[in-house]
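Asks: Starting off with a structure, shown below.
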Amino acid sequence: MFILIVGGGKVGSYLTRALLNQGHEVVVIEKDDRKAKMLERLIDRHVTLVGDGCDPLVLDAAGVARADVVVADTGDDEDNLVVVLLSKRKSKARCIARVNNPANKLIFNSLDADDPVIVISSTELILNVLNEHVNASKYRSMLETMHLFGKGDMQLVKVAIPERSPVDGKRLAEIDFPHNSVVVAVDRPDHDLEIPTGDTTLHAGDSMIVIVKNGAGERIRTILGA
């Protein structure tokens, strides 16, 4: 089986070694050259491609089209979401995504009802263990502490731009988005996922993937006329 891993941190490194020991073919995309070299020293084999896994060209170079499984294992939920979306566009691979904020699981779970993404939330795993071993009062206080793992109230949302939207034909730089929001990708019908700039023009039928905080999602939907 050919497994493509995006993210060569500690988890990605140990996962790569275990998969290689099981006889699988593995390629790891890691944007940090230093981490890529450390991984190869750990496993004593050339398996890394230095580059950004959110770049469609880098995914193509890594062989995503023939991948059986793609593992999105970066430290950022938004990057993992882009990796999954691109991989589903470019391959029939089964996608596994690491999610740091449990609130973002719904975004990943809603991507593909026919071939759902396998979502792994380390925060939820830890909380489940705590839930089994502490009483209710102690658990509630620990739960407040564990929110630190989930980046507070930040979420990823996907918002479609409807027909006759006031932003249809406008550049991102021309739109007054809330300060507590960042557009991380634009999903256009029949095109690769686009990592936008201020000059990116939006059109009806596009969908925006946005990091929002403090309820900014509703404000964005109002701006788009969604």
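Asks: Name the residues in segment 167-222 that are of a type in the set (S, T, Y) and at positive phi, would you?
Replies: Passing the criteria: none in range.
Asks: What do you reckon, is A18 closer than 19 Å to D192 by Cα, surrounded by fewer than 24 Cβ atoms within 10 Å (Cβ to Cβ) and outside the structural domain of G215 (by TED's automatic domain parsing)?
Replies: No; evaluated as a whole, the condition is false for this residue.
Asks: Could you please let me know if V167 is closer than 15 Å to D77 by Cβ, surrounded by 18 or more Cβ atoms within 10 Å (Cβ to Cβ) and at pLDDT 55 or above?
Replies: When the stated conditions are applied, V167 does not pass them.
Asks: Continuing with this model, one more query. Just need a number here: residues in segment 158-172 that are charged (D, E, K, R), over 18 Å from G198 (Cα atoms) and assigned to a strand (DSSP E or B).
Replies: 1
Asks: For segment 172-226, which residues satisfy the criterion of being touching a residue at least 60 places away in the same chain (Cβ under 8 Å) and more than 16 Å from the chain's Cα centre (by Cα)?
Replies: Across segment 172-226, the qualifying residues are K213, N214, G217, I220, R221, L224, G225, A226.
Asks: Do we find a residue being at pLDDT below 90, of a type outside the set (A, V, I, L, M, F, W, C), in contact with a Gly (Cβ under 6 Å, 6 or more places away or on another chain) and closer than 24 Å to S110 by Cβ anywhere in segment 179-194?
Replies: Yes, because at least one residue in segment 179-194 is at pLDDT below 90, of a type outside the set (A, V, I, L, M, F, W, C), in contact with a Gly (Cβ under 6 Å, 6 or more places away or on another chain) and closer than 24 Å to S110 by Cβ.
Asks: I'd like the full set of residues that are of a type in the set (A, V, I, L, M, F, W, C) and touching a strand residue (DSSP E or B) at 6+ places or on another chain (Cβ under 7 Å), limited to segment 65-89.
Replies: Those that are of a type in the set (A, V, I, L, M, F, W, C) and touching a strand residue (DSSP E or B) at 6+ places or on another chain (Cβ under 7 Å): A67, V69, V70, V71, A72, L81, V82, V83, V84, L85.
Asks: Determine, yes or no, whether V184 is farther than 25 Å from D55 by Cα and among the aliphatic types (A, V, I, L, M).
Replies: So V184 fails the test.
Asks: Something else: Looking only at segment 100-118, which residues are in contact (Cβ under 8 Å) with a residue 40 or more places away in the chain and of a type in the set (A, V, I, L, M, F, W, C)?
Replies: A103, I107
The values are calculated or read from the model by the stated rules, or taken from the named source; none is laboratory data. This one's a predicted model, so the numbers in the text were calculated from it and none came from an experiment. Here Cβ is always computed from backbone atoms with ideal geometry, including for glycine, and neighbour counts include all displayed protein chains.
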